[in-house]
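> Let me give you the structure first, and then I'll get to my questions.
The values are calculated or read from the model by the stated rules, or taken from the named source; none is laboratory data. All values derive from a computational prediction rather than experimental measurement. Neighbour counts are summed over all protein chains in view; Cβ atoms, including those assigned to glycine, are modelled from backbone coordinates with ideal geometry. Side chains included, ligands, DNA and RNA excluded: accessible areas come from the protein's heavy atoms. Shrake-Rupley method; radii C 1.70, N 1.55, O 1.52, S 1.80 Å.
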Amino acid sequence: MDVCADDFEQTLPLLQKLVLDADFVGLDIEFTGLRSNLCGPQQISLFDLPSEWYLKTRQSVQQFTICQIGLSVFSSVEGESNKYVAHSCNFFLFPTTFGILDSEFSFQASSVQFLNQYGFNYNKFLKNGIPYMNEEQEKKIKHSILTGNWRVRSSLDKDQIKVVIDEVTRWLDLAEEGDWMTLPGIAGFQAFEVQLVLRQALPNIWTELKEKGVVVKKVSRQHRWYLEHASCERASCWKEQILLSAKGFSVFFQMLVKAQKPLVGHNMMMDLLHLHEKFFRPLPESYDQFKQNIHNLFPVLIDTKNVTKDIWKELHFPRVSNLSEVYDVLNSNLNPTKNSGPVIVHASKCERYAKTKCPHEAAYDAFLCGSVLLKVAHLLLQRVHSNAPVPEPSFPQYLGVLTPYVNQVNLIRAGVPKINFSGPDYPSVRPPILIVSIRRWPGVSEQQVYCEFQNLCKFDVRRLTRNQFLLLTNKFKDARSVLKEYRCHPTLQVSLYRYWRHSPTITCVLQVCSAVTTWALLAFFLGRASP
């Protein structure tokens, strides 16, 4: 089910009930871009500590925006054993442009091509996206509205408002008191914006929002005063309605946070960064503060990438490269618990996914996340019970066997493989760092060193000294292979990096200490030799 600005407010009560009754919520997000073109020290690499990775990625999150959020709400079916129904929704979003709010964001060409390849509807995103804002933006716009300092800021809105005012003014010249006209095609919070401007500009009209658009009625000043002071039309009450409409999807985000349901994703680190930036607060500079904020918002996170990566080899499943392939393997006869696992059905308005695969459509991927979670949890539960049948497994039982993976979110290209949102991060389990010493190759660069090794395997390269470079890979076999191949190389000498032996800082300190010791001994002996 696709939800845009036109039908979001009508859908909101149903969504709230679904989330409150849910066992957990699957999540996937599509963006206008993933990585800004960082280079040099700002480029993401395997050398990065989690805090360094966070600060670099934070720049990209601030540059790009969300174009689609997919949620799949999973609820156990009452009275039926181990059966779940999934309500899946696509939300097309577009940043709020209202009063002082006018966001800037970038598109990344590769991301646009990727989404085009899978049939993404950019019209729904750009023309009918649901507005949203974070808490800081909400405070600014709330202050502007409630203090009366609100103004139309964007040139496009000013032009549209001018056309509307001209049209209503011409109509007023000929209209009698009690006559009315309709301004069609104006919906959502923009309808409140139009009404606010018209009421400020024209003292002898009244406005109402109807199904077909904004209705303008010619009234006397006395009747206008009466309408303004009616209980549901008081200025303070009406302005709160404007703010609520302008918040858009952020209202639902706050409902989701309040519900405190387990949130499930696949490689969900970027999703969490964008959720924080776009709906909560701008990302803090402190990595630890970011972790704490996310844990307070969503106390139970489960990343299916982290879970499947940990158990995949142990179960002897074939290698997979994406979420769809993981789902297909778990749905195949390779899965020993395929026939005894949970039954998952689509809700009535979401049955399209039962017949059609829609990879990289956010709601479909969110459904896959939830399905993979249930199927993997059932596998783990069966192993705990030594492959004996588990009588009527429940979601709390599934959550129990997933405890080692809760709040452990996979991290791509960093010094550690995952982030722990409920405590300190685990130490690195990457292969050891290698050091390559260059002979007879003056002026060699990091890129040239990378190209030298790329045919054998992929390394991240970082310069240590003028003729020494560090190499790091995420595969132990690659490290062993390079050590073997370059053991007797005439130009490139590769060995294991030892901090106390190879660090320029330690080398400098040792040299200084050696020089000081030499001069001290020399002074001592010269002092003794003098009469």
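> When you scan the stretch 321-331, do you find a residue that is among the aromatic types (Phe, Trp, Tyr), touching a helix residue (DSSP H, G or I) at 6+ places or on another chain (Cβ under 7 Å) and under 14 Å from LEU379 (Cβ atoms), even just one?
Taking every residue of the stretch 321-331 in turn, at least one turns out to be among the aromatic types (Phe, Trp, Tyr), touching a helix residue (DSSP H, G or I) at 6+ places or on another chain (Cβ under 7 Å) and under 14 Å from LEU379 (Cβ atoms).
> In addition: With the requirement that a residue be surrounded by 15 or more Cβ atoms within 10 Å (Cβ to Cβ) and either in contact with a Pro (Cβ under 9 Å, 6 or more places away or on another chain) or among the charged types (D, E, K, R) (or both), what does the stretch 77-100 give you?
Hits for the stretch 77-100 are ASN82, TYR84, LEU93, PHE94, PRO95, THR96, THR97, PHE98.
> Check the stretch 84-98 and report whether any residue there is small (Gly, Ala, Ser), in contact with an Asp or Glu (Cβ under 6 Å, 6 or more places away or on another chain) and touching a residue at least 60 places away in the same chain (Cβ under 8 Å).
no
> Being open to solvent by 90 Å² or more (accessible area, probe 1.4 Å) and within 19 Å of ARG440 (Cα to Cα) is the filter here, so list the residues in the stretch 453-478 that pass it.
ARG463, ARG466
> Kindly indicate the residue of the stretch 416-436 that is part of a strand (DSSP E or B) and under 14 Å from ARG462 (Cβ atoms) and also nearest to the chain's Cα centre (by Cα) among those meeting that condition.
Among them, the one singled out is LEU434.
> Quick check on the stretch 407-423. Is at least one of its residues open to solvent by 70 Å² or more (accessible area, probe 1.4 Å) and free of Cβ contacts under 8 Å to residues at least 12 places away in the same chain?
Scanning the stretch 407-423, I find no residue that is open to solvent by 70 Å² or more (accessible area, probe 1.4 Å) and free of Cβ contacts under 8 Å to residues at least 12 places away in the same chain, so the answer is no.
> Looking at ARG440, is it in a loop (DSSP other than H, G, I, E, B) and within 31 Å of the chain's Cα centre (by Cα)?
Answer is no for this residue.
> Still on this structure, I have one more. Which members of the stretch 258-295 meet the condition of being open to solvent by 20 Å² or more (accessible area, probe 1.4 Å) and closer than 19 Å to VAL372 by Cβ?
Hits for the stretch 258-295 are LYS261, HIS266, ASN267, MET270.
> Also, quick follow-up: Give the residues of the stretch 296-351 that are open to solvent by 90 Å² or more (accessible area, probe 1.4 Å) and at pLDDT 95 or above, sorted by residue number.
Across the stretch 296-351, the qualifying residue is only ASN296.
> Being within 19 Å of the chain's Cα centre (by Cα), open to solvent by 10 Å² or more (accessible area, probe 1.4 Å) and free of Cβ contacts under 8 Å to residues at least 40 places away in the same chain narrows it down to one residue among SER103, SER60, SER51, SER111; which is it?
SER103
Conditions (1) in a strand (DSSP E or B); (2) closer than 21 Å to ILE145 by Cβ; (3) charged (D, E, K, R), marked per residue:
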position: THR207; (1), (2), (3): yes, yes, no
position: VAL214; (1), (2), (3): yes, yes, no
position: GLN222; (1), (2), (3): no, no, no
position: TYR226; (1), (2), (3): no, no, no
position: LEU244; (1), (2), (3): no, yes, no
position: LYS261; (1), (2), (3): no, no, yes
position: MET270; (1), (2), (3): no, no, no
